[in-house]
Each structure stands twice: as C-alpha cells, then as structure tokens.
1. How big is the gap, in Å, between the Cα center of the range 102-132 and the Cα center of the range 134-210?
2. Taking the mean number of other Cβ atoms within 10 Å as a proxy for protection, how do you rank 35-41, 585-591 from highest to lowest?
3. Once the Cβ-Cβ distance between Ala547 and Trp390 is put in as r, and R0 is 22 Å, what FRET efficiency do you end up with, to the nearest 0.05?
4. With Rg and the Kirkwood Rh both taken from Cα atoms, where does Rg over Rh land for the range 102-222?
5. What ranking, highest mean first, results for peptides 100-111, 249-260 when packing means the other Cβ atoms within 10 Å averaged over each residue?
6. Which whole-Hz couplings ³J(HN,Hα) result when phi for each residue of the range 445-452 is put into the Karplus expression 6.51 cos²θ - 1.76 cosθ + 1.60, θ = phi - 60°, listed in order with x for Gly and Pro?
7. Using the Kirkwood radius over C-alpha pairs as Rh, can you work out the diffusion coefficient of the range 289-356 via Stokes-Einstein at 37 °C, viscosity 0.692 mPa s, in µm² per second?
8. Percent of Cα-Cα pairs more than 20 Å apart in the range 382-487, please.
Amino acid sequence: MATTRTNQSLALATVGAALLSTTAASATDGATDARLRMLEAEIARLRPLEAEVAKLRREAHGAKAQAKSATNIANAATAAVAKGPPGPPPPPPVFVSFRNGLFVETEDKAYSFKVGGRIQIDGGGITNPIGVPTNYGYSGYTSFRRVRLEVEGVAAKIWFYKLQYDFTGSGLGGIRDAYIGLKVPGTETPYSNGPVWVQVGSIYEPFSLEALNSSKFTDFIERPMAAEGFAPFRHVGATVAAHGDNWTAKGGIFSTSFEDASFNPSLVSAPATYWAPVARGGGQYFDVTGRLTYAPIKTDHELLHLGVAGRYHQPNNATGVSDDRMLRVGNRLRSEANILGMQTLGTPDLSCSTITIPGSFNGTNLSTGGVTGQCVNNEVQYGFELAGAWGPLSFQTEYIGMQVNRNSGKMMQSALLGNFTPGGSSAFFNGFYAYGQWYVTGEERAEAYSVKDKNGASFEQVKILNPLSKGGTGAVSLVARYSSINLNSGRWSGSGLFNMLTYSQFILGNNTATGLIANQAGVAGGRQENTTLGLNWYPDNGFHFQANWTHVLHWNAPLGASSAATFALPAGLAALQGRYQSQSHPDLFEVRAQIYW
C-alpha cells in the first residue's frame, strides 16, 4: 500500500509540473484554456494524498528509531552477562533408542551405555536315556537354559566396560562377563583398523570360533562336543588385542573362572621324606592363550575365514575339584542337548585327585586331611578353524587337540597310597565338528561376520530380509552337523578295557586282577559321535526359535555312563563303578524359544 501511495505522490508531482508548463503556454495561447481546466481538476483530486504520504514517512522514521533502541538494549544486556562469572557449557544432546534394549549415547559418541539380556527356554526328550547312575538323562524335560541381564558402555571414547549376570548360572554364581577395557591412544598402525585395546576382568579366552560365537546366534541349540569339552570360555585375566579390516589378533594370561566348581586349589604335598608328605598352601592354575584369524575373502556375499589358536595350561595345585574342565576332561558334556542331562563321557581326575594322607606315620600324627596329587605338569591345546559362505550357503568346521603331560613320579606315589591312577606319562584327546547351513529365505551369513567384536572374529545375527513384523516370513535356515570327541588315550581304553574288566571281575572273580588291570589301563574318558539336523527361525531382530534332532552314531564309555552291565571294584577304585553299552544309539529332540535385547 505504501508503494501505491508513493506512486500516487509522484504522479501528483508530475501533474504539477505539467500544470506549470501549461499555464505558461496559456499566456500566449488562449486555445489551451480547456486543457488547463482539466489539469486543475486532476490536481484537486490528487492533493489529499500529499497528507497521507507525509504520514507514512513519519511512521517509517519512528520504526527505525525503535529498532535501533532495541538493538542497543540487547547489546547492553550481552555486555552485562559477559562481565559476570562464566557458566557451565550446556550438556551435549543425547540419543535414546529402545530398539532391542535400552541404548543411550551422546551426540559426540564419547559416552554411551546399553542395557540388554536374553531368555532361553529349552525343552525336549530322549528316546533311550542313558547316563551315569545319578544322571541318566530325561525322557522329557523343560527348563530355562539361560536368563541373563547385562549392561555395557563406553566412557570418554577410549574406555569400555561390561557386566553380565546369569540367573541360571552354575559354578561360583552367575557372573559371566565382568571387565573394563581401554583403547590405547596413539597405537594405530597402517595395518590395523583402530587402536590396540586391553581388557581386564572375567572375559573369554581367545580360543575356538564356535565358543566365541554368542549363544544368541549359534546355529544349533548347543555347541558341538569339541567346543564344549575343550574350549576354555571365560576366565579372569588380562588381554591385548588388535584387528584390521580382515584380521584379528588377541592374547592374554588367565586364571580362575566364575564357571569353575571352586576357586580354591587343594593343599600341596610337600614330603619331608618320600613316604611322609605334609601339607602346605597351594596355588591356583593359570593359562596363556592366543588366537589369530585372517579372512582372505571378505565381502557381504562371500567369505573365507581361517583361524588358529593355542593354549598352555599349568594346573599348579588345582585338582578336578576346582579345575574340573581341564583335569576331568569332558565331565560336563551332555550329548549336545544340555537341558536333557544325558552324561556319557568324562575322564578320571588326571591330577590323581585329592589323596588322603594316613593318620599316622612311625608314631607321628599326620592329620593333614587331603593334598593334591600333582600328577599333571601341564596341558597344551591347539585349534584350527575354517569357515566360509557364498550367498545363502555357509559352512564351519574346527579341529581341537589336547596334550596332557604328566609326572610319572607323582603318579607312582599316588598309586602306592591307594588312589586310582590310570594312564601313562602323557595322554592325548581330540575333537572335530563340521556343519553346513542353507538360508531358505535368502539371508547371507557372510554379512554377519565381524572382526570388531571384543572377543575376536565371530559371527553376529544375519540381516533379516523380510521381517515378520513387516509382513514377511523372517529368516529361516536348515542346518546339518557331524561332531565327534575322543577322550580315550593309551592302551586298554575302549571296549577292550571293558571286556578285560568284565572277564576278571565276573568270570574269574578276582578283585586283585581287576585292580591291576584298571591301574595299568590308559585313560578311558569315552568316545562319542553325533549327527544333528536343525531348523532356525528369526522372525524379527531379538527373537530366535530353534529345533534340533541329534542322533548318537557311536558311544563308548566303559568307565563312565552305560546301560548294560554293572560291576563292583575293590576299595580305592570306586571311580570305576559304572555301566557300559556301546550298542545304544539314542535320539535326542530339543526345541528352544529365545528373546534377546
């Protein structure tokens, strides 16, 4: 409107100028009188607009003055604040997500934490339950396999931590992961992807691909016997690790575990003479473990993974009471269906167990209770990994060997004191598995491979192409596995040992001969071979349903679980009591429903 009125003012001025020109002309030319009257009438019509134009000019001037005054006030206020004490900087923006757990992170990613967990409910049955007399397995059973709650996070970009508790945990309580870590500044190299990091606490020893894969994403309900029987899983220790785009390296030193049967080692035998040992305090075991992996082919659609790991274990004064997973090898195996409880394998205590000292010797009271036999000097394990994927097809395989180096002198001393001491100065055990998988719905396991996990190279959840919540079917896969483990070592360690013991005990009725045979035998922990068919269904992220059918191809455990004949042995050899049946081929059926966040 102001522009229109301004234009009208300009028009008035123009008319005025034209009027002056016309008036001058009319003095000399009377013929223009009519035109002059017309112009005078137009001026009279436009003259009232002059007052309106003047008013608009005054209002514009006033607005400019007010704006200048407001600017001066604002500047004065800013100056007053600047002269006062500085306040704290505003907190950075925070990102919060409730997708698969509670996740909170600052905008600069310097601080974050996540609350997560998992619940696994298993059930199933066995067609022909067999096992040690106190643990035959169940023809039908349902229970919780894992119920875990965890919190993990990052602080100041370089620190990280995790605490995980399992409410169904065995051993010394439910603590599983419990560590702090540091990404060491300035340790980046041209060959690594990020800095070197260190961890201290209860963490996974870097050994076995299948052991390091999270139970949330394992392709079978239970891990194969070789991984369950030999892999160390979590121990308290310290590690150093690094990774590149397609490689990882991690090593550390470890000791006790929250999953052990006991933290405390036994008393140590310190004989004043060879025949009169006395007791003193003992020391716990320790491990030195390392793992290297390399993926020469690594894309979202194709993968080839290679890995090698080694572990040195020194029992010191531990026995099968505290260090059962290494000195009573295989005793926790449950035929790849843990919830059903069918135990068929397990070696005797290779440390000669806790030997009992006589109450007196030459009139001297030796009331020392028990001391460790110290029959194991050290144990060495090694493992080889191979995994690959091509589109929806994938495979994975591992071989693990275990060498046990024993002390012949301690073994003789233990035997003379009446303890069961089978095997020679060394023993060797091994296990193997291989499996293949096909994602019917087209998902690709290569995309789930990660070298960034703090435990080392492993597989995470596959990317679901068509989640059930979006109208799809979820991810569906079919899997098949062969696995075996051999815990027999030395002469007379399989069915031949059972036949000799049976002949001596039942036919000859000679307890002395039976005892001599048993003590001259090798280590008979048993041997087992299984095949398993399985189905996996991930309807959405955070949900996993599984079904497995395991068939026992071969089972040989003369000194462990059995189901055909029984025999009693003389005092001091009660560990040999059991039953034996190598012709049994039970089938184990198991299902799992899982939610994780």
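1. Result: 11 Å between the Cα centres.
2. On the way: 35-41: 12.6, 585-591: 18.4.
Those peptides, ordered most packed to least, come out 585-591, 35-41.
3. Values: r = 25 Å, r/R0 = 1.15.
According to the calculation, E is roughly 0.30.
4. Numbers: Rg = 19.4 Å, Rh = 17.6 Å.
Rg/Rh: 1.10.
5. Working: 100-111: 13.9, 249-260: 20.9.
By packing density, highest mean first, the sequence is 249-260, 100-111.
6. 5, 4, 5, 8, 6, 9, 9, 9
7. Values: Rh = 15.3 Å.
Translational diffusion coefficient: 215 µm²/s.
8. Details: 3379 of 5565 pairs.
So the portion of pairs separated by more than 20 Å is 61 percent.
Values quoted throughout were computed directly from the atomic coordinates according to the rules given, and no laboratory measurement underlies them. Quick caveat, the model's predicted, so the values are computed rather than measured. Ideal geometry is used to build each Cβ from the backbone, glycine not excepted, and the neighbour counts take in all protein chains shown.
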